[in-house]
Amino acid sequence: MSVASRLIPGAWLAEPGAEARRVPSAVERTLVVGTGALTRAVVNEIEARPALRAAVVGVVPDGTAKGESLPWVLAEALERAIDQTRPARIVVGVDDRRGRLPVRQLLEARTRGILVEDAVEAYERLTGKLALEALAPSSLAFSRGFRMSRLHAALARGLGLALATLGLVVLAPLLGLIAIMTRLDSSGPVFFVQERVGWRGRPFNLIKFRTMSPREHQTSEWEQDNCDRITRVGRWLRRCRLDELPQLVNVLLGDMNLVGPRPHPVTNLALLTLAARNLNDLSGEAIPYYSLRCAVRPGITGWAQVRYGYANSLEEELEKLRYDLYYVKHASLWLDLRILFETIRVVVSRRAAPAARAERVDTRDARAARRLSAA
């Protein structure tokens, strides 16, 4: 077995005389071009998700590992692989494309009805997050995403006002009960008010039910550094997400929407902004990713919350940023409704998996992020 085939578990390497990998006819046959970190992550995602009904039938090495930088080497290898594997989709993840991308072969594949997809887009489609390390800055500048339409903004605001008003009226008895329980359980105020980063970077005061005892000394804002301060009622409120209910007032005030990236504390702004600017490995430029996150109003719940959960470290905050930027790029009313229904399902089932997943740094998503970072 060749080195390249060992780099990508479960993948078959397209070489002269190799036989095409057999897959069921109902499964989408995917041919991958390139053996870099991003294409490895794409292959891992496909292999780990049987529900996608897709299979990697071949991997065409781009030659950089062996020093084969001649354009015709990759072009001939791709032609041979297409004939051998008969793919329905080609995912292209060539690291160095300058003068090496087999454009003619890819265009001919499209004329034959084969889907041609960039590895960055494939990773985004498979994971629901952005591969920030591999994104070209120009693709962000010219992308049609990262801008909420006026219609979506108006609908989101109208839906937020209506549901926030209804929620505060209907849930008034529950809110009163929680306030009494919080006051009786531990000393301190009923509400926790903290300055957070809002739309376009503007600070606002976020309101939550207090779930922790007042701090005696300065600590970080992450939960793992404050576990000993969580009260008995607070632990139950956090598990059921009920501590977030007072933020309906923030929605009425226009500080937040129902759906959007969760607002970070102002005290973490400088650290997160600096860390996010240095994520891109492709160009080496400092990209203001955090500014893109602030292009929409923050929300009570969001794509990162339902897909990843709570963050307890800087590394996990940056992993959540990938999900947040996916939402900002693809923001729509349908995605908002999907997030709301998923949030309701989490609250009703009191599923602890998202929070537990965020506490496990060595998860599949975190490993994929590190593989991208190591490119």
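Would you check if THR111 is among the polar types (S, T, N, Q) and in contact with a strand residue (DSSP E or B) (Cβ under 9 Å, 6 or more places away or on another chain)? Even if it seems obvious, please write down each step before you answer.
On the way: among the polar types (S, T, N, Q): yes; in contact with a strand residue (DSSP E or B) (Cβ under 9 Å, 6 or more places away or on another chain): no.
Spelling it out, it is not the case that THR111 is among the polar types (S, T, N, Q) and in contact with a strand residue (DSSP E or B) (Cβ under 9 Å, 6 or more places away or on another chain).
Of the residues that sit in the range 9-42 and are closer than 19 Å to ALA109 by Cβ and at pLDDT 90 or above, which one is surrounded by the fewest Cβ atoms within 10 Å (Cβ to Cβ)?
Residue satisfying both the conditions and the ranking: GLU28.
Would you mind telling me which numbered condition in (1) surrounded by fewer than 22 Cβ atoms within 10 Å (Cβ to Cβ); (2) at pLDDT 85 or above; (3) within 22 Å of GLU244 (Cβ to Cβ); (4) not β-branched (Val, Ile, Thr) TRP303 fails?
(1)
With (1) hydrophobic (A, V, I, L, M, F, W, C); (2) in contact with a strand residue (DSSP E or B) (Cβ under 7 Å, 6 or more places away or on another chain); (3) touching a residue at least 60 places away in the same chain (Cβ under 8 Å) as the list, and PHE146 as the residue in question, which single condition is left unmet?
(2)
Being at pLDDT 90 or above and farther than 27 Å from LEU175 by Cα is true for just one of VAL259, VAL197, VAL296, VAL251. Which residue is that?
Criteria check complete, one pass: VAL296.
With respect to ASP62, determine if the residue is modelled with pLDDT of 55 or more and surrounded by fewer than 16 Cβ atoms within 10 Å (Cβ to Cβ).
no
Need the failing condition index for ARG238 against (1) assigned to a loop (DSSP other than H, G, I, E, B); (2) out of contact with any helix residue (DSSP H, G or I) (no Cβ under 7 Å at 6 or more places or on another chain), just the number.
(1)
Restricting to the range 226-261, count the residues that are crowded, with 19+ Cβ neighbours inside 10 Å and within 16 Å of ARG202 (Cβ to Cβ).
Adding up the residues that qualify gives 7.
Could you name every one of the helices (runs of 4 or more DSSP H) located completely within the range 100-213 that has at least 3 residues being on the phi < 0 side of the Ramachandran plot, surrounded by 13 or more Cβ atoms within 10 Å (Cβ to Cβ) and in contact with a helix residue (DSSP H, G or I) (Cβ under 6 Å, 6 or more places away or on another chain)? Show your work before the answer.
Values: elements: 103-111, 119-127, 137-141, 150-170, 172-185.
Passing ranges, in order: 119-127, 150-170, 172-185.
Have a look at ILE287, ILE300, ILE339 and point out the one that is touching a residue at least 24 places away in the same chain (Cβ under 8 Å) and assigned to a loop (DSSP other than H, G, I, E, B).
Numbers: ILE300 fails: assigned to a loop (DSSP other than H, G, I, E, B); ILE339 fails: assigned to a loop (DSSP other than H, G, I, E, B).
ILE287 is the lone residue from the list that is touching a residue at least 24 places away in the same chain (Cβ under 8 Å) and assigned to a loop (DSSP other than H, G, I, E, B).
The values are calculated or read from the model by the stated rules, or taken from the named source; none is laboratory data. The structure displayed is predicted, hence computed values, not measured ones. For neighbour counting, all protein chains shown are included, and Cβ atoms are generated from backbone atoms with ideal geometry for every residue, glycine included.
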